[in-house]
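Novice: Please see the structure below; I have some questions.
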Amino acid sequence: QVQLVESGGGLVQPGGSLRLACTASGNIFTISVMGWYRQAPGKQRELVALMASGGRMTYGDSVKGRFTISRDNAENTVYLQMDSLKFEDTAVYYCNAYYEESLYWGQGTQVTVSS
């Protein structure tokens, strides 16, 4: 069993930055893939960014060039640096982990971009 705990959400003005973190715990070794999805009110959950333990990264089209994902494999922690934030980035951000053929989700952290 994998538990995911997110931190770092909050309120930010357009053009600002936030950094999210998610740490996995449990009786686990290195997690294969960790990353982030988001869900805005009335919309489907969408991919933000994923990173494999070997370093391969995947980004959603709407965040390319503005968000950066990184990992600390030893700590099973994934980070999301969000720059140049826009109103449309407002959503609940969910940490995601793929480990031993199972998918795990965090409880979500709210990111609100507002002036």
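The values are calculated or read from the model by the stated rules, or taken from the named source; none is laboratory data. Remember, predicted model here, so these are calculated numbers, not experimental data. Cβ placement follows ideal geometry from the backbone for every residue including glycine, while neighbour counts extend to all protein chains displayed. What goes into the accessible areas is simple: the full protein's heavy atoms, side chains included, and nothing from ligands, DNA or RNA. Shrake-Rupley method; radii C 1.70, N 1.55, O 1.52, S 1.80 Å.
Novice: Name the one entry in GLY26, GLY55 that is at pLDDT below 95 and under 16 Å from the mean Cα position of the chain (by Cα). Steps first, answer last, please.
Specialist: Values: GLY26 fails: under 16 Å from the mean Cα position of the chain (by Cα).
Matching residue, one of GLY26, GLY55: GLY55.
Novice: Further, regarding this structure: Tell me which residues, restricted to the range 62-115, are assigned to a loop (DSSP other than H, G, I, E, B) and among the basic types (Lys, Arg). Explain how you work it out, then say what you get.
Specialist: Kept after step one, since they are assigned to a loop (DSSP other than H, G, I, E, B), are these residues of the range 62-115: 64-66, 76, 83-86, 90, 100-101, 106-108, 114-115.
Of everything in the range 62-115, those that are assigned to a loop (DSSP other than H, G, I, E, B) and among the basic types (Lys, Arg) turn out to be LYS64, ARG66, LYS86.
Novice: Which of the residues belonging to the range 4-48 are charged (D, E, K, R) and assigned to a strand (DSSP E or B)?
Specialist: Result: GLU6, ARG19, ARG38, GLU46.
Novice: Can you tell me how many residues within the range 24-40 are open to solvent by 60 Å² or more (accessible area, probe 1.4 Å) and touching a residue at least 24 places away in the same chain (Cβ under 8 Å)? Explain how you work it out, then say what you get.
Specialist: Of the residues in the range 24-40, the ones open to solvent by 60 Å² or more (accessible area, probe 1.4 Å) are 27, 29-30, 39.
Within this subset, residues satisfying the condition of being touching a residue at least 24 places away in the same chain (Cβ under 8 Å) are 27, 30, 39.
Residues in the range 24-40 being open to solvent by 60 Å² or more (accessible area, probe 1.4 Å) and touching a residue at least 24 places away in the same chain (Cβ under 8 Å): 3 in total.
Novice: Here is a list: GLN13, GLN1. Which entry is modelled with pLDDT under 95, surrounded by fewer than 16 Cβ atoms within 10 Å (Cβ to Cβ) and over 16 Å from the mean Cα position of the chain (by Cα)? Steps first, answer last, please.
Specialist: Numbers: GLN13 fails: modelled with pLDDT under 95.
Exactly one residue qualifies, and that residue is GLN1.
Novice: Moving to a separate point now. ILE31 versus (1) at pLDDT 95 or above; (2) within 15 Å of the chain's Cα centre (by Cα): which is the lone unmet condition?
Specialist: Here ILE31 clears every test but (1).
Novice: Output the residues belonging to the range 24-45 that are in contact with a strand residue (DSSP E or B) (Cβ under 9 Å, 6 or more places away or on another chain) and more than 21 Å from GLN3 (Cα to Cα).
Specialist: Those that are in contact with a strand residue (DSSP E or B) (Cβ under 9 Å, 6 or more places away or on another chain) and more than 21 Å from GLN3 (Cα to Cα): ALA40, PRO41, LYS43.
Novice: Checking ASP61 against (1) loosely packed, with under 13 Cβ neighbours inside 10 Å; (2) of a type in the set (D, E, K, R); (3) in contact with a strand residue (DSSP E or B) (Cβ under 8 Å, 6 or more places away or on another chain): exactly one of these is not met. Which one?
Specialist: (3)
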